[in-house]
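Some notes on the structure that comes next.
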Amino acid sequence: MTTASELRSGKTHRDENFPVASWIIHPRHRALILAFYNFVRTADDIADHSTLGAQEKLTYLDLLEAELLGQGDSQPEAVNLRRALAERSMPPRHALDVLVAFRMDVTKLRYENWDEVIHYCRYSAMPVGRFMLDVHGESTATWAASDALCAGLQINNHLQDCGKDYRDLNRVYLPRDALAAAGAAVEALGSKQASAPLLQCLHALAVRTEALLTESKSLSAEVRDIRLGIEISVIQTFADKIVSLLKVRDPLSQTVHLGPLELLAYSLSGMASEIGRRATGRRPVSKPAAGA
């Protein structure tokens, strides 16, 4: 049997829309974060693989889960994460949650409404933020704002890649009721330029995503770890800029990603914002998240 590693797309942590284990994060955390990322990236690539059948994908995802839980040593990403978690006495709960989302990617190609999309984000994105907070020993009271940020990042990505997801995977994360409300046909995602109804739908979803990102703005100040707070501020800055592009541009025909110079500029802006905020000593009141 081919190892999961051999099914990787080639995408690495340097290709994401947000920093992963960047130099901002304390070096003592980076190995564990990269082990988590490599496990998640491998599972994601399996779910999106162009030639594997659905049952083959599910078999590989089940194998990754089994070996993460100690039942075998043939899949390096699972074994490496298992050992890295054990060194910190951390449970695999967040990695197991993410596998739920990748199984959904294999078996569920359409989403009926916004709530279904958020439910998907509960497993595809929110566990990543919760994992980062746990690595840094943060309170579960920070999860609510983290969940909002991670869901916002995920839906930004859905909107950015809506055409590619439809053409390559026949997967549509745009809610059916949102498409219907705008009078847009799902087949319009296969065009090189969005139709007026589809563009109306995409812009409306970007506005809803912007509201999620507004809910997350307290997160960088809620965490105690200064380095993590700065990293979150940078990620928030990226997400805010991307959603502002998605509110006015057509992701089928226009650029809705940040270029290298923009990433640098917004990184510096996010860092300066959080350093300045911490200098004032302001601390917002956080609220608990469901499932904490």
Inspect segment 166-189 for any residue being in contact with a Leu (Cβ under 7 Å, 6 or more places away or on another chain), free of Cβ contacts under 8 Å to residues at least 40 places away in the same chain, buried (at least 16 other Cβ atoms within 10 Å of the Cβ) and outside any helix (DSSP H, G or I) and give the result as yes or no.
-> yes
In segment 109-118, which residues are in contact with a helix residue (DSSP H, G or I) (Cβ under 9 Å, 6 or more places away or on another chain) and open to solvent by 60 Å² or more (accessible area, probe 1.4 Å)?
-> L109, E112
Counting just the residues of segment 64-108 that are open to solvent by less than 50 Å² (accessible area, probe 1.4 Å) and under 30 Å from V186 (Cα atoms), which one comes out farthest from the chain's Cα centre (by Cα)?
-> V106
Being open to solvent by 80 Å² or more (accessible area, probe 1.4 Å) and without any contact (Cβ under 8 Å) to a residue 60 or more places away in the chain is the filter here, so list the residues in segment 197-213 that pass it.
-> Q200
Would you tally the residues in segment 222-281 being under 18 Å from N156 (Cβ atoms), among the hydrophobic types (A, V, I, L, M, F, W, C), assigned to a helix (DSSP H, G or I) and touching a helix residue (DSSP H, G or I) at 6+ places or on another chain (Cβ under 8 Å)?
-> 9
Please determine, by comparing only the residues of segment 190-221 that are among the basic types (K, R) and assigned to a loop (DSSP other than H, G, I, E, B), which one is farthest from the chain's Cα centre (by Cα).
-> K192
Can you name every residue in segment 50-61 that is free of Cβ contacts under 8 Å to residues at least 60 places away in the same chain, open to solvent by 40 Å² or more (accessible area, probe 1.4 Å) and closer than 17 Å to K108 by Cα?
-> A54, Q55, E56, T59
Selected residue [among the aromatic types (F, W, Y) and over 13 Å from the mean Cα position of the chain (by Cα)] from Y123, Y111 = Y111
Are any residues in segment 130-152 part of a helix (DSSP H, G or I) and either under 15 Å from A101 (Cα atoms) or charged (D, E, K, R) (or both), and if so, which ones?
-> R130, D134, D147, C150, A151
Closer than 18 Å to A239 by Cβ, of a type outside the set (D, E) and surrounded by 22 or more Cβ atoms within 10 Å (Cβ to Cβ), is that true of L149?
-> yes
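The values are calculated or read from the model by the stated rules, or taken from the named source; none is laboratory data. Quick caveat: nothing in here was measured; it's all calculated off a predicted structure. Heads up, the Cβs are rebuilt from the backbone with ideal geometry, glycines too, and the neighbour counts pull from every protein chain shown. Only protein heavy atoms, including side chains, enter the accessible area calculation; ligands, DNA and RNA are left aside. Shrake-Rupley method; radii C 1.70, N 1.55, O 1.52, S 1.80 Å.
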